[in-house]
Amino acid sequence: MITLSWLLLIALVGGVLALVDGVLRLRGRGGTVLGIIEVVVAALFLLSLFVTGIPFGSTVLAVAVMIVLVIGLILRGRAAVALTVAALVVLAVWIVLVNDWLIVPGLNG
């Protein structure tokens, strides 16, 4: 049974944004390898939120997605930066909240 929580919704938003960014990167020119890596890691991150048999934890996969997003942000240039930055911010907020580095009553506390 899946319990709907704010942390799950934040993780889903960040993962879906990263997945969409990877698909858009695959449709554009260049960055095909980076797009494939981003789609695979983002899909594994989303899958790790619901399935317990994923080899790496969801926190490790979130960090991996963020690394791929930063590399994509550096290599992309000017085009469509907003989606990448939004995914980075949402995943960073999720990592901070899920590790209890910041306690917000009603959200993770």
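With a cap of 10 neighbouring Cβ atoms within 10 Å, and only residues DSSP puts in a loop, list the trypsin sites (Lys or Arg not before Pro) found in segment 1-79.
Arg29, Arg78
Report the Stokes-Einstein translational diffusion coefficient (µm² s⁻¹, integer) for segment 6-99, Rh taken as the Kirkwood radius over Cα pairs, at 20 °C with viscosity 1.002 mPa s.
Once the numbers are plugged in, D ends up at 166 µm²/s.
Rounded to the nearest 0.05, what FRET efficiency do Val23 and Val93 give with R0 = 25 Å and r taken as the Cβ-Cβ distance? Could you check?
According to the calculation, E is roughly 0.65.
Once every DSSP H run of n ≥ 4 in the chain is given -39500 (n - 2.57) and the sum is divided by its residues, what mean residue ellipticity at 222 nm do you get, rounded to the nearest 500 deg cm²/dmol?
Calculated from helices alone, the mean residue ellipticity at 222 nm is -24000 deg cm²/dmol.
Given +1 on the Cβ of Lys and Arg, -1 on the Cβ of Asp and Glu, and no further charges, what dipole in debye does the chain carry about its Cα centre, rounded to the nearest 20?
440 debye
What ranking do 55-62, 42-49 get when scored by the average of other Cβ atoms within 10 Å per residue, highest first? Let's see the in-between values first.
On the way: 55-62: 16.1, 42-49: 20.1.
For the peptides 55-62, 42-49, the packing ranking is 42-49, 55-62.
Let's test the formula: R0 of 25 Å, r as the Cβ-Cβ distance of Leu7 and Leu73. What FRET efficiency results, to the nearest 0.05?
0.50
Kindly express, to the nearest 10 degrees and within the range 0 to 90, the angle between helix 6-27's C-alpha long axis and the longest C-alpha principal axis of the chain.
For 6-27 against the chain, the angle is about 10 degrees.
If we count every other residue with Cβ under 13 angstrom of Ile71's Cβ, Lys/Arg +1 and Asp/Glu -1, where does the sum land?
The answer is 0.
Expressed as an acute angle from 0 to 90° and rounded to the nearest 10, what is the orientation of the C-alpha long axis of helix 81-98 relative to the principal long axis of the chain?
20 degrees
Given labels modelled 7 Å from the Cα in the Cβ direction, how far is it in nm from Val60 to Leu47?
That separation, rounded to one decimal, is 1.5 nm.
Here, each number is a calculation from the coordinates, and none is a lab measurement. Keep in mind that this is a model prediction, so the values were computed, not measured. Here the Cβ is made from the backbone with ideal geometry for all residues, glycine too, and neighbour counts use every protein chain on show.
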